[in-house]
Amino acid sequence: MTDPEHVPAEHDPTIDVWAPLRRTTQARIGLGRAGNSLPTRRVLEFQAAHAAARDAVHDPLDAEAFAATLADLGLDDPVIVTSRASTRSEYLRRPDLGRTPADLSRIPRSDAEIGIVIADGLSPRAVVDHAHGLLGALLDAFAGRYTIAPPVVATQARVALGDHIGETLGVTTLLVIIGERPGLSVADSLGIYLTHLPRPGRTDADRNCISNIHPPDGLQYEVAARVAASLVDGARKLGRSGVDLKDTSRQDSLTVDDRGAITSD
């Protein structure tokens, strides 16, 4: 008979050896088993996450209410536009309609250097949860170095809708802040897509993306804003964005140790 005091931890049912690892990741690991199935708790957690992801996709963005929350950032009044997708269902079934505008006549021509579009994308919830904080961090990162056009709030929008908006605004560089596709671990993540000299016909190869912005578990607002500011600086020097433009925001904090290894301060 085995002495209970000498049972290895991995065989002791009262000890969850996966618990420390779960604190380092949002992935579903070490779920356990109940007979040939998952424990009821894990099944319910999965169902809740799946429901949250579906809700994040289907719940529409109240554009007027969201635009009102931007008033304290000191920008001009936001302009609200929509794509040619008339409903959320059509938006999900017809990505092509989400890339083209229904009407841009309300967008004023601007001589600003930076345009910012806040788009619902595949997670309007992410816009509600994080777009205000991220936009504030971007304005701090730009620190008055660039002129900013009136922000545009776009509904039923895909990333490429920003090309039409940016060309209409007349800005040099466009940032599209958009709700990313929800997953079973994260339902409210934002991405930033940067396009220099935006115009219809730009492809993904012409853009730079900063993804997974959803503090506290994802990228922090300030970090994302610092990377975006670095990319804007680089795009303006290079004259283009996309595959030729690299993030240099961390270079100043990198050092080489005695063994020649690159480390971060």
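Say each of Leu44 and Asp72 gets a label point 7 Å from the Cα, pointing the same way as Cα to Cβ; how far apart are those two points in nm? Result for the modelled spin labels: 3.7 nm.
Calculation over all alpha carbon pairs of the stretch 61-245 in 5 angstrom steps from 0 returns a P(r) of 1, 9, 19, 23, 23, 16, 7, 2, 0 percent. Amide H contacts of Arg99: Arg158, each under 5 Å away and 5 or more positions distant or on a separate chain (H built 1.01 Å from N in the peptide plane; Pro and chain starts excluded).
Phi-derived couplings, Karplus 6.51 cos²θ - 1.76 cosθ + 1.60 at θ = phi - 60°, listed residue by residue for the stretch 193-199: 10, 9, 10, 8, 6, x, 6 Hz, with x used for Gly and Pro. Distances between placed amide hydrogens fall under 5 Å for Thr82 paired with Ala102, Asp103, Thr155, all partners being 5 or more residues away or on another chain. Within the chain, DSSP assigns beta bridges of which about 55% are antiparallel (rounded to the nearest 5). Helix content alone sets the calculated 222 nm mean residue ellipticity of the chain: runs of n ≥ 4 DSSP H residues at -39500 (n - 2.57) each, divided across all residues, give -8500 deg cm²/dmol.
For the stretch 63-217, the share of DSSP beta bridges that are antiparallel, to the nearest 5, is 50%. Highest average first, the peptides 135-144, 185-194, 160-169 ordered by how many other beta carbon atoms sit within 10 Å of their residues are 160-169, 185-194, 135-144. A dipole drawn for the chain from +1 and -1 charges on Cβ atoms has a positive end, and of Ala68, His196, Ala52 the residue lying farthest that way is His196. What the phi angles of the stretch 98-109 give under the Karplus curve with 6.51, -1.76 and 1.60, with θ = phi - 60°, is a coupling list of x, 9, 10, x, 7, 6, 10, 5, 7, 7, x, 5 Hz, glycine and proline written as x.
Backbone phi angles across the stretch 181-187, fed through the Karplus curve with coefficients 6.51, -1.76 and 1.60 (θ = phi - 60°), yield HN-Hα couplings of 4, x, x, 6, 9, 9, 10 Hz in residue order; Gly and Pro are listed as x. Near the amide H of Gln220, within less than 5 Å, lie no amide hydrogens of residues on another chain or at least 5 residues away, with H placed in the peptide plane.
Values in this text are rule-based calculations from the coordinates and carry no lab data. These numbers were taken from a predicted model, which means no experiment stands behind them. Neighbour counts are summed over all protein chains in view; Cβ atoms, including those assigned to glycine, are modelled from backbone coordinates with ideal geometry.
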